[in-house]
Structures are given as C-alpha cells and as structure tokens.
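Here the structure is laid out as structure tokens; the discussion comes afterwards.
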Amino acid sequence: MKTISIIIGSILLLLNVLFGLMLSSYSTFNCALNSGIIILSVIMLSVVSSLKLSDGYRVSFNCLFPVFTLIELICGCLAAERFNDNYYLIAIILLVLLQVVMLVSAGYLSTNNNN
C-alpha cells in the first residue's frame, strides 16, 4: 500500500504542478499550497502503513485520509493568496491537526491494547 500511495501521490503532484503552469487562474500560492497538501497526505499514508496499528485503524485511516485530503485540496483551491484572515488555510491546518491527533491516538491505543 505504501508504494501505491507514493506512486499516486507523485502523479497527483505532477498534475498539480502542470495545472499550475497551464492555468492562469490557478495562482502560484494555491499551487504550492496544494502541492504541500499532496506531499503531507502521502507522508501520512506512509506513516499509517509503517506503524503497527490494529487492522481496523489501518483500514479506516486508508479510507478517511484521502477524504480529508480531497477536502483540503478543495479548500486549497478556494484559499485567498494571503495568510491574514484566510479561513480556508485555517481549515486545512485544523484538518491536518485532526489527522495527526487521530494517528497518534490510534498508535497509542494499538500499542497499549496489545500488551
């Protein structure tokens, strides 16, 4: 699963950069933001694959994290080209934080339940 995630992530990253170069309405800020989102998503899915998680966590995270990534990409396209008062950027940060908290909690619970 890790290799598939890396391949799909690389293809999506390449497409994102190509769209950033071809579309004048797709700003450099949004292209860079969405590229970061794609890279973070691949890293998170690789961490899910490499951690010793219960099967239930592993399957649910492999389904949930791409959904979160899609929401983050939509927010990344809609985000204004500034850091001040950028609510879409705040939503992206909160979604990434939620994913990290879920992953850390699942890792903690998986290791404590096995003992």
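The values are calculated or read from the model by the stated rules, or taken from the named source; none is laboratory data. No experiment lies behind these values; they were computed from the predicted model shown. With ideal geometry, Cβ positions are generated from the backbone for all residues, glycine too; neighbour counts draw on all protein chains shown. To get the accessible areas, we keep the full protein, side chains included, count just its heavy atoms, and leave off ligands, DNA and RNA. Shrake-Rupley method; radii C 1.70, N 1.55, O 1.52, S 1.80 Å.
Within the accessible area of the chain, what % is carbon and sulfur when the probe is 1.4 Å and the other protein chains stay in place? Summing carbon and sulfur atoms, their accessible area is 73 percent of the total for the chain. Principal-axis analysis of the Cα atoms of the chain puts helix 2-22 at an angle of about 10° to the longest axis. Here the peptides 55-63, 69-77 are ranked by packing, the mean other Cβ count within 10 Å, and the order with the highest first is 69-77, 55-63. In the context of the full set of protein chains, the chain has a per residue accessible area of 63 Å² (1.4 Å probe). Extent of the chain along its three principal axes (Cα atoms, max minus min coordinate, largest first): 55, 32, 15 Å. Peptides 82-89, 9-16, 35-42 ranked from most to least packed, by the mean per-residue count of other Cβ atoms within 10 Å: 35-42, 9-16, 82-89.
Taking Cα centre as origin and charging only the Cβ of basic (Lys, Arg, +1) and acidic (Asp, Glu, -1) residues, the dipole magnitude of the chain rounds to 280 debye. Ranked by solvent-accessible area (1.4 Å probe, protein heavy atoms only, all chains present), the residues Lys52, Lys2 order from largest to smallest as Lys52, Lys2.
With contacts taken as Cα pairs under 8 Å at a separation of at least 6 residues, the stretch 23-115 carries a relative contact order of 33 percent.
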